[in-house]
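Heads up, the thing below is written out as structure tokens.
Read-outs throughout are calculated quantities, based only on the coordinates presented, and are distinct from any laboratory measurement. Here the structure is a predicted model, which means the values were calculated and not measured. Cβ coordinates were reconstructed from backbone atoms using ideal geometry, including for glycine residues, and neighbour counts include every protein chain displayed.
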Amino acid sequence: MTVTSDATGRYREVYGDEPTGLWAAPGRVNLIGEHTDYNEGFVLPFALPQRTVAAVGPAPAGEWTVSSTFADEPVSFGITEPGEVTGWASYPAGVVWALREAGFDVPGARIALSSEVPVGSGLSSSAALESAVLTALTDLGGLDLPLEKRPALAQRAENAYVGAPTGILDQSASMRCQPGRALFLDCRTYEVEQIPFDLAAAGLAMLVINSNAPHQHVDGEYGARRKSCEDAARILGVRALRDVTPDDLDAALARLDDDVMRRRVRHIVTEDQRVLDTVALLKAGRPREIGPLLTASHASMRDDFEITVAQVDVAVEAALSAGAYGARMTGGGFGGCVLALIDTDRAADTIKAVETAYAGHRFTAPTCWTVTAGPGATRI
Ligand code: ADP
Ligand code: MG
């Protein structure tokens, strides 16, 4: 069974007829640029081959029903306000709400969802769901909503309706990424640039290692990091930490009393620069050379931003020992996935090395696979 036939099958089972069409949106990994989004800085995600598929058909105006292979019962709702639909259905209900709030006449719809994006692993199954639903409703309703304005609406659904304080990275990646490219996104202006990222042509592969570490305290820690960055920006008299350049860094750090806050600032400022350096190398056709930037990003997340856990640190070390050019945790932290840049023919050995290291630490076994940069949300 594929994710596509699963979505269609679920649609037939729940609604008793054929969907009008199928829409797919990918999960994403962030190549580099972690926690820089809400500091109005730079990120560089690419779309995963793993997707969420929405099979969608018509319903009377003002009526929506959503069903998912993840849930037993479909959920129906009309025109709602935040808080009225809860649980997983709050994601699609939030998309309907955000579109309507922006003035769009959202068509009624019946939706069946299936996904191959692992949930809660930092690969953004939530944005994949929002992006598939938003793209489907936009197409079906013939809404005049340009691609570049869509991520902010899906983000609003997640922030204001679902109640999760995320940045714009995930939805931008799921909707705006292109195959064989990484998406260089300026989180202040929302300007994007498509950056060449065809690793296979260079004999390289990107290994994704799902640490399978239990996520703990993620929301609280995220909020604490965000507050620390915002407080630091206020003390330094800048709109966001994006405005502190590497040249300004020492002077800025000297103005902060708190050692923890100093390290948070150092991570953001150096991480923004690493994104810019990575973009320059990829544009110059030197993808192998981004390895040390990835590894430096990991060290900065581990030592300065303090968002890694033992499982991801062990995966990074094991991949590097096995010959990876670079490796880092990707995503918000406290678990999730590690990326390792390797020669294509080293994939099996690198996976073995990580599995052996995990067994030695008695960690739950990791899940590993290689990925290429896939397409963004689209009708399929
Ligand atoms: P992630 O890192 O995967 O985005 P989140 O906690 O942000 O993790 O989002 C995961 C939540 O999104 C799930 O708990 C569920 O409520 C919802 N979700 C994601 N994919 C689906 C799906 N295919 N069907 C139903 N709900 C989904
Ligand atoms: Mg999410």
query: For the chain, with the dipole built from +1 on Lys and Arg beta-carbon atoms and -1 on Asp and Glu ones, taken about the Cα centre, which of ALA98, GLN216, ALA202 lies farthest toward the positive end?
result: ALA202
query: Setting aside same-chain residues fewer than 8 positions from LYS149, which aspartates and glutamates have a Cα under 12 Å from its Cα?
result: GLU191
field: Most positive-pole-ward Cα, CYS187, ALA284, ILE32, against dipole of the chain from beta carbon charges
entry: ALA284
message: Contact order normalised by length for the chain, with contacts defined as Cα pairs under 8 Å and 6 or more residues apart; what percent is it?
response: 23
query: With each label point set 7 Å from Cα along the Cα-Cβ vector, what nm distance links ILE235 and GLU13?
result: 5.5
message: Please report Rg (one decimal) and Dmax (integer) in Å for the Cα set of segment 3-195.
response: 15.6, 47
statement: Comparing LEU143, LEU123, LEU293 in a Gaussian network model of the chain (Cα, 10 Å), the one with the largest mean-square fluctuation is LEU143
message: Test of understanding: in a Gaussian network model of the chain with alpha carbons linked when under 10 Å, which of GLY326, GLY142, GLY87 would top the mean-square fluctuation ranking?
response: GLY87
statement: For VAL53, VAL133, ascending order of other Cβ atoms within 10 Å (fewest first) is VAL53, VAL133
message: From the phi angles alone, apply the Karplus equation (6.51, -1.76, 1.60; θ = phi - 60°) to segment 31-45 and give each ³J(HN,Hα) in whole Hz, x where the residue is Gly or Pro.
response: 5, 6, x, 9, 6, 7, 5, 7, 9, 6, x, 10, 9, 9, x
message: If neighbour count is taken as other Cβ atoms inside 10 Å, put ASP105, ASP257 in order from fewest to most.
response: ASP257, ASP105
- prompt: Just from its helices, what would the mean residue ellipticity at 222 nm be for the chain, if runs of 4 or more DSSP H residues each count -39500 (n - 2.57) and the sum is divided by every residue, rounded to the nearest 500 deg cm²/dmol?
  reply: -12500 deg cm²/dmol
- request: First select every other residue whose beta carbon is under 15 angstrom from the beta carbon of ARG12; then total the charges, Lys and Arg +1, Asp and Glu -1.
  value: -2
Fully extended contour minus Cα-Cα distance, from THR20 to ALA299, at 0.36 nm per residue: 95.6 nm
field: Using θ = phi - 60° and Karplus 6.51 cos²θ - 1.76 cosθ + 1.60, couplings along segment 314-323 (whole Hz; Gly, Pro as x)
entry: 5, 5, 5, 4, 5, 5, 5, 4, 7, x
- request: State whether segment 197-371 is rounded, prolate or oblate according to the following rule on the C-alpha gyration tensor (a ≥ b ≥ c being the square roots of its eigenvalues): a/c under 1.5 gives rounded; otherwise a/b larger than b/c gives prolate, and the remaining case gives oblate.
  value: oblate
- prompt: Which order results if THR378, THR278, THR52, THR364 are arranged by neighbouring Cβ count within 10 Å, fewest first?
  reply: THR364, THR378, THR278, THR52
- prompt: How much length is gained on full extension from ALA254 to ARG362, taking 0.36 nm per residue of separation minus their Cα-Cα distance?
  reply: 34.6 nm
field: Euclidean distance of C-alpha centroids, segment 120-157 and segment 345-380, integer Å
entry: 27
query: Given the options PHE197, PHE305, PHE70, which has the most mean-square fluctuation in a GNM of the chain, springs set between C-alpha atoms less than 10 angstrom apart?
result: PHE70
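Where nothing but the Cβ of Lys and Arg (+1) and of Asp and Glu (-1) is charged, how large is the charge dipole of segment 3-195 around its Cα centre, in debye to the nearest 20?
Numbers: 12 positive and 24 negative charges, 59 e Å.
For this selection, approximately 280 debye.
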query: log10 I(q)/I(0), Debye, Cα-only segment 292-349, no solvent, q = 0.13, 0.19, 0.26 Å⁻¹?
result: -0.28, -0.58, -1.01
message: Could you give the length gained by full extension between THR4 and THR80, i.e. 0.36 nm per residue of separation minus their alpha carbon distance, to one decimal place?
response: 24.4 nm
task: Specify whether the C-alpha gyration tensor of segment 93-209 places it in the rounded, prolate or oblate class, a ≥ b ≥ c being the square roots of the eigenvalues: rounded for a/c under 1.5, otherwise prolate if a/b is larger than b/c and oblate if not.
output: prolate
- prompt: Once you charge only the Cβ atoms, +1 for Lys and Arg and -1 for Asp and Glu, what is the size of the charge dipole of the chain about its Cα centre, to the nearest 20 debye?
  reply: 420
- prompt: Using alpha carbon centroids, what distance separates segment 88-115 and segment 264-308, in Å?
  reply: 36
message: Going by amide H atoms built from the backbone, whose H comes under 5 Å of the H on ALA164, apart from near neighbours?
response: ASN159
- prompt: How large is ³J(HN,Hα) for each residue in segment 177-194, as worked out from phi by the Karplus curve 6.51 cos²θ - 1.76 cosθ + 1.60 (θ = phi - 60°), to whole Hz, x for Gly and Pro?
  reply: 5, 10, x, x, 9, 9, 9, 7, 10, 8, 7, 8, 9, 6, 6, 10, 9, 7
- prompt: About the Cα centre of segment 197-371, what is the dipole size in debye to 20, counting +1 per Lys and Arg Cβ and -1 per Asp and Glu Cβ, all else neutral?
  reply: 200
message: What percentages make up the Cα-Cα pair-distance distribution of the chain when the bins are 20 Å wide from 0?
response: 29, 56, 14, 0
